[in-house]
Every structure is written in C-alpha cells, then in structure tokens.
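Report on the structure given below.
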Amino acid sequence: MTDTSIDYEAVFQAFPGVVALLTPDLVYADVNEEFLRVVGRTRQQVVGGDLDNLFPDNPNDPHASGMANLKASLYRVLATGERDTMALQRYDVEPPDRPGHWEERYWSLVNAPLTRPDGKVVLLVLRVEEVTELIRAHGRPSGSRSRALEAELYTRARELQELNDRLRQAHSREREVALALQEAMLPDRRQVGHHHRAAVRYRPAVGALNVCGDWYDLVDLVGGHRVGVSVGDVVGHGLEAAGVMGQLRSALSAASRVAEGPAQALDVLGRYAHVVGGAESATAVTTFIDFDRHTITYSSAGHLPPVLVHADGRAELLDGATDTPLDARPDPIPRPQADTSYTPGATLVLYTDGLIERRGEDIDTGLGRLADALARNRDQDPETLADTVLLELLPPGGATDDTALVIVRL
C-alpha cells in the first residue's frame, strides 16, 4: 500500500538529481530545486515557460543541435509512451547574470512518460545529469587512461546517436513505401461508398514499427441482397506485412464470393495462409450481411469481435464463433460460425486492435470504451461516426499499432 503520510512534493523537490516535468506542449509544469541550482534560474523564471524559448541553442554555434535532439526525444516519448535514453549531449548555457556569454556544458538525459490508466501521456519527466567535468577531460593533457576512456565514451555516444538517426531515416523511407503499397491494395472510400452507407478508415501507427499489417474489405456476395465485410491483422511491419496483407485480403475476397458462409471462407483462407510466408498468427473476422433477412452470419479466426449496435443503443459483441488465428493448426478443422438478427437502423462495426488496446490495460476496458462511444453517437451517419470513434479512442499523438475501422449502417 502507498504510505499517504509521505510528502511526495517534498521528495520531488529534495531529489538529488536534476528533474523537470513538462506538459505535452513542452511547457515546464514543475522543476525541482536541483534543476534551479544547476541552471541558475528562479522557479518563477522557469515554470510556465516554453522549453526552447527558455533555453535556446547557442546562437554562436552553427552546429548546435541539443534542443532539436531533446525535442525529438520528447516527441518519441509522447508517441510511444515509452522511456527514451539520449546519447550524451553538448548543450551550452547562457547564465542569466552574463547575457551573451555561453558556457560549454555536457549532459546525460533520460525522458520518461507519466500516463493515465488509458495510456495517454499527461506529463513528461525529464531527468538530467551534468557530465561537463567528465567530458572536459578529453581536452586536458593527462596520462590518465580513465580520462581518455571517458572522452572516448562521449565520442562513441555521439556516433551512436548519428547511427540511430540514420536508421530512423531508413525506417521512415520504408514506412512511406509500405504505406503507399498498402494504400494501393486496399479498397478506397469511393469503392465502398455504394455499400449501404459504409465508412472505412485506416490510421497508420506512429513511428516506423507495427504498420501496414491491418486490412479491411467489403464485397458483394452472390444470391440475394448480401454483402461480406471483413477486417484482418498481419503480424509484422513494413513492406513484408503490407505484401502479406494484400495476399490475404485478396484471397478472402475471392473465397467469400463462392463460399457458403463466412466459416468456409476462413477455412479456405487458413489453408492459403499455410503457404504464404509471414502469414503466421494472422487474424481475421468476416461477416455476411443479408439485408433481405436482416441477419448477420459471422466467423472469427482469432480476431476481436465485431460490435453490433442496435437502434435502441444496446451494444452486442459478436463473439459466438471465435476460433484460432489463421494457420494455427497443422491440420485445419472446420471453423465455427454464428448468426444474429438486427432491425433496420442498427450499426455493424469491425476494427483492429490498434483502436482499443492500450499498454497495461485489460482488453475488456477497451471494448467497453468502444461500445460506449458507439452507443452515444449511434445517430451519426457512418462517415461522421467513424471520425468520432477515432477521435475519442485513439491517443492524441496516435496509436503504437495501426488501426482499421469499418462501419456499416444496416
């Protein structure tokens, strides 16, 4: 149990290291006493000030990059919700009592998130250690091997940061190509527009990872007034995931047009996934909507359940026919399927896990959040409802997994 007698404000102020709290807008929310001592400022001068306005780069150094590196690290923490340890930084300081005079300083920084239960980052914790004296040893005549090693450490840290920057740029280029490939393979909003007031959305993950594995599809089915609606998720990221996604989507689209039901369509897809490299553990759910009979037949291969929001606001999870992911069994057996009915005006929603999953949170919490948002906004048209759901459920800086969403007004 937490000891409520501990004065955590006093602990923060007495902490022996340099610590600051920043808002997501990079404004100083609070700093401890050690921070004020090291930078030579008062609390009134710091708290409420912008990060880069309060401590700008040295204008006399055309190669100064300390502030840009710090902001990039903080934005990564905001985007990922994870701690980021920076390479050693040179960041010169202008003492308040000596305007125009810049002192060469070196720093070791770690940035960490403070999150709410839903995973949203509400504050950034900046922990700084000054290592100026250690680095200055690099320029002093000395026979000390330890000082030489310390200086070498700084040099290698800078090289590591430059390498990381190049890797991020390479990942960014791969991400752009993968997104373009995925966009070319997924049906666009104009293609699905004729499907009974349907809306589709795809939101890529922030950063270079966990992107391009999600997909959706809507197909006209033979025999009556019927439509097949599916979503899926491929494990992996980048170009490989985008390629596998395109193969599985196309295969399921073809299978759905000739299958007797969604379970049979997933049976065929599972056998196909067995010979597609990179399709291991992929998930999918498909629904066959019969608009004449007002029924939905569905089957799931390890995917999250679709949500059927009835006209009265009741949210029904279609979880009565859930089976293992694609290619999970060496010898596949027939998959289950289930049926449910609806009245006109209901809304069917299919989605991928990026919409509801949050680090450290039970999946039922995310499902409840989705059901609540759909029920409250059920009178909106599908296009507006899709935007509303993304706005309410996705973190402000974007999710760490990509998101596909399909909404069909029945």
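Summary table below
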{"read-out": "Value in Å of the Kirkwood radius, where the stretch 1-56 supplies the Cα pairs that are averaged", "value": "12.1"}
{"read-out": "Charge dipole (debye, nearest 20) of the stretch 342-410; +1 at Cβ of Lys and Arg, -1 at Cβ of Asp and Glu", "value": "160"}
{"read-out": "Rounded accessible area per residue of the stretch 33-107, 1.4 Å, Å²", "value": "53"}
{"read-out": "Calculated on alpha-carbon atoms, Rg and Dmax of the stretch 242-299 in Å", "value": "12.1, 40"}
{"read-out": "Sequence of TYR272, TYR298, TYR202 from largest to smallest accessible area, 1.4 Å probe", "value": "TYR272, TYR202, TYR298"}
{"read-out": "Apportionment of accessible area to carbon and sulfur, the stretch 263-404, percent (1.4 Å)", "value": "50"}
{"read-out": "Dimensionless Rg ratio for the stretch 67-123, taking C-alpha atoms and the 2.2 N^0.38 Å reference", "value": "1.44"}
{"read-out": "Estimated FRET transfer efficiency when R0 is 22 angstrom, pair VAL110-ASP50 (beta carbons, to 0.05)", "value": "0.55"}
{"read-out": "Protein accessible area in the stretch 48-101, 1.4 Å probe - carbon and sulfur %", "value": "49"}
{"read-out": "Whole-Hz ³J(HN,Hα) from phi, Karplus 6.51 cos²θ - 1.76 cosθ + 1.60, for the stretch 288-305, glycine and proline x", "value": "9, 9, 9, 6, 6, 8, 6, 10, 10, 10, 9, 8, 10, 9, x, 9, 5, x"}
{"read-out": "Accessible area per residue, Å², the stretch 227-317 with all protein chains present, probe 1.4 Å", "value": "35"}
{"read-out": "Mean projected area in nm² (Cα convex hull; one quarter of hull surface) for the stretch 252-410", "value": "10.0"}
{"read-out": "Rounded to whole Hz, the Karplus (6.51, -1.76, 1.60) HN-Hα couplings of the stretch 82-90, x for glycine and proline", "value": "10, 5, 10, 9, 8, 5, 4, 10, 8"}
{"read-out": "Part-to-part distance (alpha-carbon centres) for the stretch 291-320 and the stretch 46-121, which is given in Å", "value": "49"}
{"read-out": "Sequence ranges 104-116, 57-69, 315-327, ranked by mean other-Cβ count within 10 angstrom, highest first", "value": "315-327, 104-116, 57-69"}
{"read-out": "Local net charge near VAL110, Cβ-Cβ under 11 Å (Lys/Arg +1, Asp/Glu -1)", "value": "0"}
{"read-out": "Alpha-carbon Rg/Rh ratio, for the stretch 333-410, with Rh computed the Kirkwood way", "value": "1.01"}
{"read-out": "Calculated FRET efficiency for the pair VAL27/VAL235, C-beta based, R₀ 45 Å, to 0.05", "value": "0.70"}
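The values are calculated or read from the model by the stated rules, or taken from the named source; none is laboratory data. Computed from a prediction, not measured in an experiment: that's the story for all the values here. Positions of Cβ are backbone-derived with ideal geometry, glycine not excepted, and every protein chain shown enters the neighbour counts. Calculation scope for accessible area: heavy atoms of the full protein, side chains included, ligands and nucleic acids excluded. Shrake-Rupley method; radii C 1.70, N 1.55, O 1.52, S 1.80 Å.
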